[in-house]
Amino acid sequence: MTVLVLNGPNLGRLGVREPAVYGTATYADLVARCEEVAREVGVEADVRQTDSEAEMIGWLHEAADAGSAVVLNAAAWTHTSIAVRDAAAQLGEPFVEVHLSNVHAREPFRHHSHLSDLAAAVVVGMGLEGYAAAVRFLAQPL
Ligand code: DQA
């Protein structure tokens, strides 16, 4: 079983991007953590990042067609994109919405998500451990 871990805009700059908000772990650390947990629970993690909304929508279509479980940090598109929501709505398997930061403790425009009501679970504010929890959950849903 493969868990697709899909990351949206600016997440490739983790480590240098606003470290006071997102911490000092890099995107390479994020990939390594997901792969480590995946190994522990006996699944494959396919971790990707894009700054292109079209590419993200294509990956969600791919996941829908393959029946893959998805961990989705859509970053800013979470709050803005009906198109990403519509693509996530096509997923036949559960997905977990993840945010490194606690979006509810931040600016009001980050409090609304176009994805949360579609997600099997939502993890916010746990940094890389949120991804680890999401991969573990999807490998063995409750
Ligand atoms: C984020 C939170 C979003 O509000 C923001 O636009 C991001 C990252 C997070 O992981 O905390 O880019 O999704």
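Per residue, region 1-115 exposes 46 Å² of solvent-accessible protein surface, assessed with a 1.4 angstrom probe and all protein chains in place. When only the Cβ of Lys, Arg, Asp and Glu is charged (+1, +1, -1, -1), the dipole of the chain relative to its Cα centre reaches about 380 debye. Expressed per residue, the C-alpha convex hull volume of the chain stands at 93 Å³. Computed in the context of the full set of protein chains, the accessible area of the chain at 1.4 Å probe radius has 51% of its extent on carbon or sulfur. Each Cα pair of region 29-88 feeds into the Kirkwood radius, which the Stokes-Einstein equation turns, at 20 °C and 1.002 mPa s, into a diffusion coefficient of 171 µm²/s.
Rounded, prolate or oblate: which one fits region 94-142, using the alpha carbon gyration tensor with axes a ≥ b ≥ c (rounded when a/c is under 1.5, else prolate when a/b beats b/c, else oblate)? Here region 94-142 falls in the oblate category.
The values are calculated or read from the model by the stated rules, or taken from the named source; none is laboratory data. Note that this is a predicted model, so its numbers are computed, not measured. Neighbour counts run over all protein chains shown; Cβ positions are idealised from the backbone, glycine included. Note: accessible area is taken over every heavy atom of the protein model, side chains too, but ligands, DNA and RNA are not part of it. Shrake-Rupley method; radii C 1.70, N 1.55, O 1.52, S 1.80 Å.
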